[in-house]
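The values are calculated or read from the model by the stated rules, or taken from the named source; none is laboratory data. The shown structure was predicted, so the numbers you read here are calculated from the model rather than taken from an experiment. Here the Cβ positions follow ideal geometry from the backbone for every residue, glycine too, while neighbour counts run over all protein chains shown.
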Amino acid sequence: MASDEVLDTAALLAWPVERLRGCLVVHSQREELVRISPDRGLVLEAAELVWATPTEDALTKARELATTTGDIAGLSNVDFELLALVLERGVILVTDDYRLQNLCELGGIAWSSVTTEGIRSMWSWELRCSGCKLVIDAPKEPYPDRNLGNCRECGAELALRRRR
Ligand SMILES: [Zn+2]
C-alpha cells in the first residue's frame with residue numbers, strides 16, 4: 001500500500017490497526033503515544049507504520065506557512081513535523097486539529113479528518129490576558145515549551161484564543 005497519508009496522533013489512536021498499515025507518521029509521535037496511551041503504543045509498534053523524519057528544509061517551510069497564518073503559537077513539535085512531512089512528500093494529512101486543518105486549507109495542502117466532518121470555518125488566533133482581557137495579535141514566533149508569557153499591563157497569564 002502506498003504511503004500517501006500522514007496521520008496525526010488522534011488518527012493513530014482512533015483507527016483500526018489494519019487501516020494503519022503503510023501510513024506515514026513521525027518519530028516524535030512515539031513519545032506522545034507513550035504519554036497518552038502506553039498500551040496503544042505497543043500495539044502500534046506492530047502496525048507496519050512508516051516512521052519518518054521530515055527534512056530541515058521541510059520544517060522551515062512548515063514554520064513559514066504557520067507564521068503566515070498566525071497559527072504558529074498553538075502548534076506542537078509533533079504538529080510541525082507532521083506538517084513538514086506532508087509538505088515534503090506531497091501527501092494527505094489526516095487530522096482533527098483545527099489549526100492544522102486551517103493551515104492545510106491556506107497552504108493548499110490536502111487533508112481529511114479522523115472522525116469529524118472537519119473544518120467549518122477559517123480560524124485565526126489571538127492572545128488574550130486571563131486578567132484584564134487585553135488582546136494581543138497572534139505571535140509570529142513559536143514559544144519555547146508553549147509558554148505564552150504574561151500580560152504587559154497586569155502580569156496575568158496570556159491564553160491563546162480563537163479570534164471571533
Ligand atoms: Zn492583563
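List of remarks:
- Residue check for Gly107: crowded, with 18+ Cβ neighbours inside 10 Å, closer than 28 Å to Asp137 by Cα and more than 13 Å from the chain's Cα centre (by Cα): yes
- Residue in region 129-146 that is farthest from the ligand (Cβ to nearest atom), counting only those that are at pLDDT below 85 and farther than 17 Å from Phe80 by Cβ: Asp137
- Qualifying residue in region 15-29 (condition: over 30 Å from Arg128 (Cα atoms) and among the aromatic types (Phe, Trp, Tyr)): yes
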